Amino acid sequence: MTESFKTLPLPPSMIETLDNLGYHSMTEIQSKSLPFVLQGRDVVAKAKTGSGKTAAFALGMLERIQASSFAVQGLVLCPTRELCTQVATEIRKLARYKGNIKVLLLCGGQSIGPQIGSLEHGAHIVVGTPGRIQDHLRKQTLTLSKVATVVLDEADRMLDMGFSDAVQQIVNQTPSTRQTLLFSATYPSGIEKLTKSIMKDPEVISVEAVH
Ligand code: ADP
Ligand code: MG
């Protein structure tokens, strides 16, 4: 039995949005990580696929977004376009309580021109693959200087795919005052090196699968 989202310091409109989505109680990874995420702490969280990790980082990221500013304030890196799409869909649902939050997908395998056009109109949150985010940084069509929250989602798969250096370079272009959140289903050996170089005193949380 897990707790209600009402135990968290979230605005009533957010609780209502969660209720409307059928999210009446927190999953285990959510109840263990959200208190730290909402405090602004860096968090490394490990839990199996399907355990609700997206909301665990998205609720914290959304709380730090200022809707009135059209700068990119949240950055989520995911290994594949399919995962980026799933994450963006979930964030858009959760963002309803905040009004007009623009979530932009920047993935490879799609033409870059329309992405540049969308960036010119502004976005609060960017969800993308490391390669394509680097392309935009090189072209200077994306600026990360106002990012308050960086999320590495499915970090184990990003490392498997050889994105470690790319992730590091991208994160280095965000303010040092950012909050950094890392979510993963497993902890491969390279993760520790990455967390040491980009995170500050992270709270490490692990939910073990029950068989
Ligand atoms: P993960 O990233 O750990 O694989 P997801 O964030 O994709 O998991 O969530 C898996 C599914 O569970 C999604 O369909 C999501 O909408 C749903 N979900 C997440 N949190 C809750 C909750 N607290 N109550 C009910 N459903 C939830
Ligand atoms: Mg996930």
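Numbers at a glance
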quantity	calculated
Region 92-137 - charge dipole about Cα centre, Lys and Arg +1 at Cβ, Asp and Glu -1, debye rounded to 20	360
Structure-based [θ]222 nm, the chain - -39500 (n - 2.57) summed over DSSP H runs of at least 4, per residue, nearest 500	-12500 deg cm²/dmol
Volume of the Cα convex hull of region 7-206, divided per residue and given in Å³	109
Set of lysines with alpha-carbon distance to K139 below 30 Å, sequence-local pairs under 8 removed	K102, K193, K196, K200
Global form of region 148-207, assessed from the alpha-carbon gyration tensor, a/c cut-off 1.5	oblate
Point-to-point label distance, R92-D19, nm (Cα→Cβ direction, 7 Å offset)	2.6
Residues of region 65-85 with amide N under 19 Å of the 7 Å Cα→Cβ point at E120	70-72
Three-way shape call for region 1-90 based on the alpha-carbon gyration tensor, with the a/c threshold at 1.5	rounded
For G108, residues with placed amide H under 5 Å, excluding near neighbours	T129, R132
Potential extension, S111-K193 segment - 0.36 nm per residue separation minus Cα distance	26.2 nm
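Since every read-out is calculated from the coordinates, none of them should be taken as a lab result. Just so we're clear, the structure is a prediction, and the values are computed from it rather than from any experiment. So basically every Cβ, Gly included, is an ideal-geometry build from the backbone, and we count neighbours across all protein chains shown.
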